[in-house]
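Have a look at the structure below before the remarks.
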Amino acid sequence: MDCISHPGLNRLGPIQKTIAEANAWAALKPALGVDYSLIRADVEHDRALLYDFNHEFFAVLRSDRGAEGKELVIVGAAGHNSRPHIDQIFAFAKERGFWRVRAHTMHPEAMLRMSKHHGTVKGETVIYGVL
């Protein structure tokens, strides 16, 4: 995974049972919705990483590789003072050679407002049914 160490991105390691991690998951649970357990399992199996931004904002990030190159995916994010932390994620992605940042969000309009200065646009809308 390409998202391991960067100033400002404080990784909370997989299976690390700490108060900070408990706080991160509590903050993220509403944002992750029905995918909470799947995303948590991805972190526990190192398919995604959990990040803590000054104990006020938390994000699950992963790297995807497509035809265009590496893409940094914000799998979920939640907390306070979001905009500067979103900016840190974009800066990190640029420094590490990702060609774009993609975000999964239940609130696309809020994410677009916070990241419009990075040239973000609304992409696909996903609708699914759990069987």
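Counting Lys and Arg as +1 and Asp and Glu as -1, what is the net charge of the other residues whose Cβ lies under 11 Å from the Cβ of GLY76?
Numbers: positive: LYS29, ARG40, ARG62; negative: ASP35, ASP42.
Neighbour charge sum, excluding GLY76 itself: +1.
Here are some values of P(r) over Cα pairs in 5 Å bins from 0, in percent: (i) 2, 9, 13, 14, 10, 6, 4, 4, 4, 4, 4, 4, 5, 5, 4, 4, 3, 2, 1, 0; (ii) 2, 10, 21, 25, 22, 13, 5, 1, 0; (iii) 2, 10, 18, 18, 16, 12, 9, 6, 4, 3, 1, 0. Which one was computed from this structure?
Read-out from the structure maps to (ii).
Relative contact order, percent, of the chain when contacts are C-alpha pairs under 8 Å separated by at least 6 residues?
Working: 179 pairs, mean separation 27.6, N = 131.
Computed value for the chain: 21 percent relative contact order.
Can you pull out the GluC sites (Glu not before Pro) in the range 17-82 whose DSSP state is coil and whose Cβ has at most 10 other Cβ atoms within 10 Å? Write down the numbers at each step before the final one.
Values: sites: GLU21, GLU44, GLU56, GLU68, GLU71; in loops: GLU56, GLU68.
Passing both the DSSP loop test and the Cβ count: GLU68.
Summing Lys, Arg as +1 and Asp, Glu as -1, what charge do residues with Cβ under 13 Å from the Cβ of LEU38 carry, LEU38 excluded?
That sum, taken over residues with Cβ under 13 Å, equals +1.
Among ILE39, ALA59, ALA103, flag the residue with its Cα farthest along the positive direction of the charge dipole of the chain, charges on Cβ as +1 for Lys/Arg and -1 for Asp/Glu.
Comparing the listed Cα positions along the dipole, ALA103 ranks first.
Explain nothing, just the number: dipole magnitude of the chain about its Cα centre with +1 on each Lys and Arg Cβ and -1 on each Asp and Glu Cβ, in debye rounded to the nearest 20.
Details: 16 positive and 15 negative charges, 40 e Å.
Charge dipole, the chain, about its Cα centre: 200 debye, nearest 20.
Each reported figure results from applying straightforward, stated rules to the coordinates on display, with no laboratory input. None of these values were measured; they are calculated from a predicted model. Every residue, glycine as well, gets a Cβ built from its backbone with ideal geometry; the counts of neighbours run over all protein chains shown.
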